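In what follows, a structure is listed as structure tokens, so that the remarks can point back to it.
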Amino acid sequence: MRIVVASGKGGTGKTTVAVNMALSVGNVQLIDCDVEEPNCHLFLDAELEKVRDVNLRVPRFDMDVCTRCGICSEACHFNAIAVVKGELLFFPELCHACGLCPLVCPEGAIGEGERKIGRIDRGETGSIEFYRGVLDVGEPMATPVIRELKAHLSGRDAILDAPPGASCPVIESLQGSDYCILVTEPTPFGAYDLSIAVDLARRLGIPFGVVINRDGIGDACVDEYCEREGIDIIMRIPNDARIARLYSEGIPFVNELRERKEDFARVFDRIRKEVVG
Ligand code: SF4
Ligand code: SF4
């Protein structure tokens, strides 16, 4: 079973839910797909080792053969190539490695090169196998790193911490998942961002439920939204000073609050029943 923990925006407690659930149920893979700002490892007692670099296959131009005809530039949907005043310009950050330009070049002037955009790290803590992707600073494309990260899913139960938002990296994280936990806070902002995440999960046809983090702050707008939309609230994490203190110290709260560990295990079992039947 593959569960993705997502939210419409950052800072709602996605990582808290992913890490604490993994530690509560054990014997799972925990995958940090928030490759621009991975932070699950901050709560885990795990030595991390690099598994591999993530490289994009990008074009390499043979300027002795190129006639500057501009055909590759016209074909590229991402404006990564331009021919200006008889010079060919290549913008690697814009290249999506789609592989089209070598196919259209009439001179055979485009070969294949590689560009590193990130890396995959691995670690273990207890019965949890942990992977994280790290996007290099300044690189705009998170999706290939997440795709590479997901290649390490082994078939064991897995919990994926998705990036915030509702754009391509989130969709890549959600693809192929059995269930999505949407984490929000009980405020008007939380309700609005939740509605975006709900829309995405529905479009992708992935079953989902809501976890309200810091329950007790704000107002009832998330509850009212979920009731209107017929959405299950599968867990509430109270606005508890002990949880806030443990978080600030980098300690997963289920390590010290036994009742919370049981709550996560119950929710995991409930999701399994819904997914597997
Ligand atoms: S299509 Fe080939 S020959 Fe034409 S500009 Fe591009 S690389 Fe040069
Ligand atoms: S590989 Fe695709 S995205 Fe990259 S430069 Fe060529 S056509 Fe453009």
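No value in this document is a laboratory result; all are computed from the given coordinates. Just so it is clear, the structure is predicted and the values come from calculations on it, not from any experiment. Methodologically, a virtual Cβ is constructed for each residue, glycine included, from the backbone with ideal geometry; neighbour enumeration extends over all protein chains shown.
Computed log10 I(q)/I(0) for the chain at 0.13, 0.16 Å⁻¹: -0.86, -1.15, from the Debye equation with unit scatterers placed on every C-alpha and solvent omitted.
Calculation over all alpha carbon pairs of region 121-162 in 5 angstrom steps from 0 returns a P(r) of 5, 19, 31, 24, 12, 7, 3 percent. Figure legend: label point modelled 7 angstrom from the Cα of Ile233 along Cα→Cβ; residues of region 239-277 with amide N under 16 Å from it are 239-240. Oblate is the label for region 63-108, because a/c, from the alpha-carbon gyration tensor with a ≥ b ≥ c as root eigenvalues, is 1.5 or above and a/b does not exceed b/c. Along the axis of the charge dipole computed for the chain (Cβ charges of +1 for Lys and Arg, -1 for Asp and Glu, origin at the Cα centre), the listed residues Phe268, Val198, Pro186 are led at the positive end by Phe268.
Label reach from Arg60 (point 7 Å along Cα→C-beta): in region 117-138, amide nitrogens under 20 Å belong to 117-118. Based on Cα contacts under 8 Å between residues 6+ apart, region 205-277 shows a relative contact order of 28 percent. In the distance distribution for region 211-264, Cα-Cα pairs more than 17 Å apart total 43 percent.
Decide, for region 179-272, between rounded, prolate and oblate: order the square roots of the alpha carbon gyration tensor eigenvalues as a ≥ b ≥ c, take rounded if a/c falls under 1.5, and otherwise choose prolate if a/b is larger than b/c, else oblate.
Working: a/c = 2.16, a/b = 1.42, b/c = 1.53.
Judged from the Cα gyration tensor, region 179-272 comes out oblate (a/c at least 1.5, b/c at or above a/b).
Listed peptides 93-105, 135-147 appear in the order 135-147, 93-105 once ranked by packing, highest mean of other Cβ atoms within 10 Å at the front. Report the antiparallel proportion of the DSSP beta bridges in the chain as a percent, rounded to a multiple of 5. Antiparallel bridges: around 45 percent, rounded to the nearest 5. Each peptide in 120-127, 156-163, 6-13 was scored by the mean count of other Cβ atoms within 10 Å over its residues; highest first, the order is 156-163, 6-13, 120-127.
Here region 178-232 and region 13-50 have alpha carbon centers that stand 22 Å from each other.
Amide H to amide H distances under 5 Å link Leu48 with no residue, where only residues 5 or more positions off or on other chains count and H is placed in the peptide plane.
The share of C-alpha pairs in region 101-188 whose separation exceeds 18 Å stands at 59 percent. Of the DSSP H helices in the chain, those that are both long (alpha-carbon extent of 20 Å or more along the helix axis) and hydrophobic (Kyte-Doolittle mean at least -0.5) are 188-204. Extending 7 Å from Cα along the Cβ direction at Lys85 and again at Leu153 yields two label points whose distance is 5.0 nm.
Counting only cysteine Cβ atoms and a cutoff under 4.7 Å, the chain contains unmatched residues Cys33, Cys40, Cys66, Cys69, Cys76, Cys95, Cys98, Cys105, Cys168, Cys180, Cys221, Cys226. Using the charge dipole of region 107-161 (Lys, Arg: +1 at Cβ; Asp, Glu: -1 at Cβ; taken about the Cα centre), state which of Gly118, Ser154, Pro144 has its Cα farthest towards the positive end. Positive-most Cα among the choices belongs to Ser154.
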